[in-house]
1. So which residues in the stretch A:96-120 are of a type outside the set (Ser, Thr, Tyr), farther than 17 Å from residue A:38 by Cβ and in a strand (DSSP E or B)?
2. Name, by its number, the condition in (1) away from chain A (no Cβ under 12 Å); (2) at pLDDT 95 or above; (3) open to solvent by less than 30 Å² (accessible area, probe 1.4 Å) that does not hold for residue C:55.
3. Give me a count of the residues in the stretch C:76-95 that are charged (D, E, K, R) and touching a Lys or Arg at 6+ places or on another chain (Cβ under 6 Å).
4. Got a number for residues in the stretch A:12-47 being of a type in the set (D, E, K, R), assigned to a helix (DSSP H, G or I) and more than 9 Å from chain B (Cβ to nearest Cβ)?
5. Can you tell me which residue within the stretch D:36-75, out of those that are of a type in the set (D, E, K, R) and in contact (Cβ under 8 Å) with a residue 40 or more places away in the chain, is farthest from residue A:19 (Cα to Cα)?
6. Would you confirm, using the coordinates I've provided, whether residue A:92 is out of contact with any Ser or Thr (no Cβ under 8 Å at 6 or more places or on another chain), aromatic (Phe, Trp, Tyr) and more than 30 Å from residue D:74 (Cβ to Cβ)?
7. Those residues that are in contact with a strand residue (DSSP E or B) (Cβ under 6 Å, 6 or more places away or on another chain), within 15 Å of residue A:110 (Cβ to Cβ) and acidic (Asp, Glu), I need them from the stretch A:1-41; list them, please.
8. Those residues that are crowded, with 21+ Cβ neighbours inside 10 Å and in contact (Cβ under 8 Å) with a residue 60 or more places away in the chain, I need them from the stretch B:4-35; list them, please.
4 protein chains.
Amino acid sequence: MKANYIYELEMKVRDYECDLQGIVNNANYQHYLEHTRHEFLHTRGISFAALHDDGIDAVVARLTMAFKTPLRSGDSFVSKLRVEKTGIKYVFYQDIYRLPDLQCCLKSQVETVCLIDGRLGLCPELDRLLPTQNE
Amino acid sequence: MKANYIYELEMKVRDYECDLQGIVNNANYQHYLEHTRHEFLHTRGISFAALHDDGIDAVVARLTMAFKTPLRSGDSFVSKLRVEKTGIKYVFYQDIYRLPDLQCCLKSQVETVCLIDGRLGLCPELDRLLPTQNE
Amino acid sequence: MKANYIYELEMKVRDYECDLQGIVNNANYQHYLEHTRHEFLHTRGISFAALHDDGIDAVVARLTMAFKTPLRSGDSFVSKLRVEKTGIKYVFYQDIYRLPDLQCCLKSQVETVCLIDGRLGLCPELDRLLPTQNE
Amino acid sequence: MKANYIYELEMKVRDYECDLQGIVNNANYQHYLEHTRHEFLHTRGISFAALHDDGIDAVVARLTMAFKTPLRSGDSFVSKLRVEKTGIKYVFYQDIYRLPDLQCCLKSQVETVCLIDGRLGLCPELDRLLPTQNE
């Protein structure tokens, strides 16, 4: 089954993200994934920072990453995303492909939950993230 | 079953690792895990950087992280590790506990493989990482 | 006298770059400056990574940064640059302005030198960085 | 004149701090300096995070760094600090020396000011940072 991504963001490797192996350090993929999610939130009118100021913190509860092909200095890439709701979790499926050859670099699954004033809760505002009929 | 950790490293949160939510940004846990593995390697006489210079790159193929309790500014923590060999993979089980209350903050599983001059291979040197009889 | 910038790059704050004060952590401005220089190098046909592979390392010898206005979550900005040669140094004047109001956020001066196989040296290739008649 | 450091902190390079040149990326020195200052604050009973929660933000207004010798994978180092008050500024002189040979790696000057609810102000609490008679 083909993944039905509903958002994608192009980025370029920054040299400071590469480590002494000459490839992007693994932790930076988490940065790429987070930035992609937060930019996606913006397209739905949701600001991660504003949510926090309102006492709502979307946090990652569980993360799985499969590293396929390392990105290197000079590489551009596209970070793609789809999202599903399962109980109180929003599960993001986020994959990264090198450009222009679309070689798969990373496949990941990011389970997020909402903390409202520090307690697990439902944040109906986030349902705006879910795909609409036409997506 | 109790985890039989064979290495542990104490660290302290650095304020620049905290993000606008006031907690350690998730990507920094990957940094903590990596630093713990590399320090563990040193105790077995293996240098990650020297391996790289010899054309051997230990890389993470797959990573799973379960975030339990966030670390905050001022927190100290201990990062614990055990390792198993499965085929050509070295699987690290790495958990992080806040100090002094030993609250579990992160549980992770890190599957690593060896690239020798860029190709998957066996690196017998790494068998030194495996627990000895007495561990 | 007006600064005659010869290169500029637009970027956007990524939330993981903000710290517990809710503003971009100072160290990230160094990242912005480095990324701007390296992208500028690319426009002149020079790759920082390829230089390193050839035994030539452009390194920062001295850096001065004046922090004017902090960047925040959601901010876009433009990073501008000009460069002068003084003896064996290439001095980059790099300033960052918030968009769209062009509020000055950072003014910096970055003195770089070349290490050739680890020793201070001249790297004529870098003279391509200097402004041409029309700039 | 010999610098009269009043605080020092030992640290060790973490491999993820090294970039594709195989040396600590420059931006990480800012991290080292910040962490040293914040740990120094703790010794004087001041928490950077707690200050922020009280509406007081100590921010860097100006920073000068002279890079002398690069730190590498495996290096340990000591980060030393002294501080002076000049008008409303607290000026930190912070130097980093490699261990065990005490080779100077970085010399820096960090000018900080206080923002109280976003406005430049005096924060008498910070006078506790200044050296006492016996230092």
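1. A:98, A:99, A:104, A:105, A:106, A:107, A:109, A:116, A:119, A:120
2. Tallying (1) away from chain A (no Cβ under 12 Å); (2) at pLDDT 95 or above; (3) open to solvent by less than 30 Å² (accessible area, probe 1.4 Å), residue C:55 fails exactly one: (2).
3. 1
4. Qualifying residue count for the region: 4.
5. So the residue we want is D:44.
6. no
7. A:39
8. Of everything in the stretch B:4-35, those that are crowded, with 21+ Cβ neighbours inside 10 Å and in contact (Cβ under 8 Å) with a residue 60 or more places away in the chain turn out to be B:7, B:13, B:29, B:32, B:33.
The values are calculated or read from the model by the stated rules, or taken from the named source; none is laboratory data. Note that the structure is a prediction, hence the values are computed from the model and not measured. So basically every Cβ, Gly included, is an ideal-geometry build from the backbone, and we count neighbours across all protein chains shown. Ligands, DNA and RNA are excluded from the accessible area calculation, which covers all protein heavy atoms including side chains. Shrake-Rupley method; radii C 1.70, N 1.55, O 1.52, S 1.80 Å.
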